[in-house]
Amino acid sequence: MDTTFDLPDSTDWLSTTLPAFEPLEAALRCEVCKEFLSNPVITSCSHTFCSICIRRCIATDGRCPSCKSACSSDKLTPNIAVREVVMRFQEARPKALEMARAEKEAQSRSGKKRKLDETDIEDGEPVRQTRSRQTRSKGRHSQSTDPIEVADSEDGDDEFLPEGMAKCPICNTTMKEEQVFNHLDVCPEQNASQGRSTRSSRTKNTFPNPLQRRQKDPSPPPTRLSQLNYALLKEGPLRKKLQEIGIPNWGNKDLLKRRHIEWLNIYNSNCDADEGVRKTKRQLVKELEEWENTQGGKAETKENKMMKKDFDGSGYAKSHKTEFDDLISKARAKRATPKPEETKPSQPEVDATQPPKVNESRDPEPTPHNGSDPYPSQPTQIPIADNPRNPYENNESALATIRAKVAAANQTGSTLATLPSEPSLSENDQVSSHDIGIANPLGSPARKVPMFALPGQPVRDLDSSGSTH
Amino acid sequence: MQGKLPDGITLIQADNYETWLVDVKVIDPNPIYQNETYRLKFTFSGQYPIEPPEVTFVRDATHPIPYHPHIYSNGIICLDLLDRQGWSPVHNVESVCVSLQSMLTSNTKKERPEGDDNFVRYNTQRPRDINFMFHDDTV
C-alpha cells in the first residue's frame, strides 16, 4: 500500500521552506477524520468538525469529541468562514507546496553561503510577516483567486474620486453627489437584469466574488431531517419509513435503525454544504450504499459474529467440520516432526482473528487442568515415546479418545478469542519443549503414559474458556 | 504522520488500516523502564475513529511487557482513554502513544494489577469487551 504515503498531509510542509504552514494546515483539517474540513459546522461548544464526522460522533455518544461536553446535532451550524478558508487553502496548496519544495531543493543544492542569503530573503518573508501580509503574498504566489484582497485594492481605486463627486451604484458613472439620486431614476442600466450588472462588475473585477455568487442563486436551504424515536417505533413502521425515504429497508430492526441514523448523518451533512457543491439524493443514496458495504448489513462481520456472546459454537463447528478435520490432521503431521524454532511465543496474535481454528488445533492436546491446575503450562515430565513419529498409529482407542475430546471441545462452544498468555511461562516451555511430553488427557498425571513429543508451540492454558464458564 | 513523531515513539509497521505496530520508549529517567522498548499493537475496526482502536502491548524476544499497576502481563491495558466511554475520535495513534508513554513515566510502582494471574489465565475476552472499573484517577 504505497499509496498511503502519497496522501497529502499537513506534515508535507515540514520538509519545505515553509514549515510554519504545517500547523496552519493542521488547523484546517478535521480532528476526527484528519481530512480537510468538509462542510464544516460549529458545535454549541464552539468546536468545528466536518459535518458528517461530528454527526456520526454525536449519533454514537452525544458528546463533542474535543471537549466531551454534551452536544446535539440540531445545534450544529455551518461555519461558513472556515469553509471558505479551507476551500481557498486547498486551491492554493499544490502550487504553494511545489514552490516551497523547489525552494528547499535549490537551497540544499547551492552553497552554504548562498543558502544563508536565501533563507534571509525568501524563508523569512512569509514566516515573519503579519497574518494579512502573509495571506496576500501567498495568494499572489499561488495565483489564488482570493476575492477579498482584490476587492480591497479595487476599493482603493474607487476612493480616487474628486471631492464632492460620487459614482452611480448601478452604472458606475462618476457624477456630482447631489446628482446621483436624480440619475438613479433615469440610469440606462436601471432596467437591465441583475445578472448583467454582476457581469459588468465582474469584467472589471476579473475575480468572482463568492458573495455575489451566493446571492445570485438563492434557493432555500433544505430542511434537515429529524431523528425518530426508535425505541417507540416498531419494526414494521420503521421499515415503512425507510421505504418512504427511498433507502433499503431489509434487515432486522437494529440494522434498520443504524441505517436510518447513518442516512440522517449523510443527508443532514449535505444540508450543511455550500449550495454549489450540494449533492443530489442519488449521490447520497450511493454514499449510504458504501456505508452498507463497509459498516452496515453487507459488511464483513465474520469476526464480530464470533465475538458475540450468543455465537453458535457447535453450529459453526459442524458447518466447518471439514476445515477443522483438515487442520487437525495438519497439526498432527506437524507434531510428528517437532521443530522447536518454528513457532515463537509471540505468535498468538494471529489467534485473536481465528479463534475457533486455534482452539481446534490445540484441543487435541491434553487440557485436563482447566481451572484446577495452578501451573497448567508445566506438564508432568515424561519420557518421549519410543516411536514419536506416529505414536497413535495402531492405537485405535487412543485415537478415538482424541476424537471424542475434539468433538467435546467443539460442543462447548469454546470459540472465544484468546489473548497471548503469560509469556514468561511459555519461555519456560520453550526451553523444555524438547525433552518433555504431556500427561494423558484422561488419566491421572501419575500414570505417565508416553504420548507424543511436544510440538514447537508451547502449551498454554488457552482453552479454559470452555470449562470455566 | 511519520514525519514528526515525538521522542521515543517509532512506527514499526503500518502496511494496512487494520493493524499497526508502534515501539514506545520511556524517555525520562524512570528506573522501572530504563533501557527497555515496548511494542504496542493497534487494531482498528471499521468504525475507527468513532470507536477506539484495540491497543495492547505485545511481547517478543526484545520487547517485554512494562510493569504497571494497570497493565496486565498479557499486554492488556486498563486505561479509560481506550475504553468506549473515555475514547474520543480526536485521538489518534500518536496521542495514544504519548498518553501511554506518560502513564509509564509517572508510574512509581513496579507491579502488576491486582488479580493479574487470574485475569491472564482466564480472560478470553478481547480488550474492547472487558468492562474495566476506572477507579484510579492518579494516573
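Within the shell defined by Cβ-Cβ distances under 14 Å, the residues around residue A:229 carry a net charge of +3, with Lys and Arg each +1 and Asp and Glu each -1. Computed about its Cα centre, the charge dipole of region B:2-114 is approximately 200 debye, with only Lys, Arg, Asp and Glu carrying charge at their Cβ.
Shielding value for B:45-52 is 4, the average number of Cβ atoms from other chains within 10 Å of each residue's Cβ. Protection proxy ranking for A:399-407, A:226-234, using the average of other Cβ atoms within 10 Å per residue and placing the highest first: A:399-407, A:226-234. With a 1.4 angstrom probe, the accessible area lost at the A-B interface totals about 3000 Å².
The values are calculated or read from the model by the stated rules, or taken from the named source; none is laboratory data. Predicted, not measured: the structure shown is a model, and the values here were computed from it. Here Cβ is always computed from backbone atoms with ideal geometry, including for glycine, and neighbour counts include all displayed protein chains. Ligands, DNA and RNA are excluded from the accessible area calculation, which covers all protein heavy atoms including side chains. Shrake-Rupley method; radii C 1.70, N 1.55, O 1.52, S 1.80 Å.
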